[in-house]
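The next block holds one structure in the form of structure tokens; read it before the comments.
The values are calculated or read from the model by the stated rules, or taken from the named source; none is laboratory data. Keep in mind it's a predicted model, so treat the numbers as computed, not measured. Glycine gets a Cβ as well: all are built from the backbone with ideal geometry, and neighbour counts include every protein chain shown.
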């Protein structure tokens, strides 16, 4: 069983060869770049749709994201633009358990997207992004409590500045809204659950990332479409011709960006781990904060900036926990070796006096000879 933070396919290969193959490194690098770019821009595009064009239908937008994923993934599957792992098509004979896991993932997936888009209607983009950085806390807690995965103590230590940074951001928020904060926190928790579910299906069930996104997009679209019809105010929806034509261009960009983001997310999880995905995602926080100030003029207090610094420091601790652990282990080993040396020879090794002291002693002896 491959745990959510255990050896991935690439890591297992690296253990045998000593390093990742070049093809896998390029694959991972391209997936990370696409994921960071789309993760940085898609939230800004969605906020632009809600704030600038006053489009108050977040559930409908989420349903359109899922519909776009169905269309794009269906075309990719039909054109056979991806290779099956080990040359075996495991998608045709999914077990009942795997199908249930896909359906549960669909529920979590559409709920996290819907809550996130609803929350953006109430809070600033910068505030939402700072709350999203706490996702690794939920991911780490779930993998520990439910899956029984044991992590290094430094990984838990790294969660402390991340959590404290989010708290500072909440206290320093200029335009705090309780409803928006609730929806954003709910979306954050569900994102952690979703990543664990994705990791299990991608790494254990060996489902291809494109096919997995296609499978979970179908029920997600149905759920979100029904929720939009029931919960959103359709009486206030105007004819599409009354809206600014640029609105539909931004909606199309948002839909395509969400597909690329989810595909790249699945690839990164397959090649690394669930927690690493969200820790790496904290790099996009800086980009989102800059975009929120540039596009929407969001104000940030001193506490908010302190929260950003703490969050990024937690990310650095987690990403380099192995290096820090090795460094501390080396220092401890040297300290033990030095203490053992002192115990064996308390006086320490005999050393010749420094040269300047020897010269002074020689001069003093000569003076005494002259006096005699």
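Regarding segment 170-179, can at least one residue be identified that is without any contact (Cβ under 8 Å) to a residue 12 or more places away in the chain, farther than 25 Å from residue 131 by Cβ, surrounded by fewer than 19 Cβ atoms within 10 Å (Cβ to Cβ) and in the same structural domain as residue 108 (by TED's automatic domain parsing)? No, because not a single residue in segment 170-179 is without any contact (Cβ under 8 Å) to a residue 12 or more places away in the chain, farther than 25 Å from residue 131 by Cβ, surrounded by fewer than 19 Cβ atoms within 10 Å (Cβ to Cβ) and in the same structural domain as residue 108 (by TED's automatic domain parsing). Counting only helices (runs of 4 or more DSSP H) wholly contained in segment 1-78, the ones carrying 3 or more residues that are under 30 Å from residue 183 (Cα atoms) and modelled with pLDDT of 85 or more occupy 22-51, 58-78.
Quick one: is residue 210 modelled with pLDDT under 90, assigned to a loop (DSSP other than H, G, I, E, B) and over 20 Å from residue 147 (Cβ atoms)? The answer is no for residue 210. Scanning segment 79-97 for residues that are closer than 24 Å to residue 67 by Cβ and either modelled with pLDDT of 85 or more or over 30 Å from the mean Cα position of the chain (by Cα) (or both) returns a single hit, 79.
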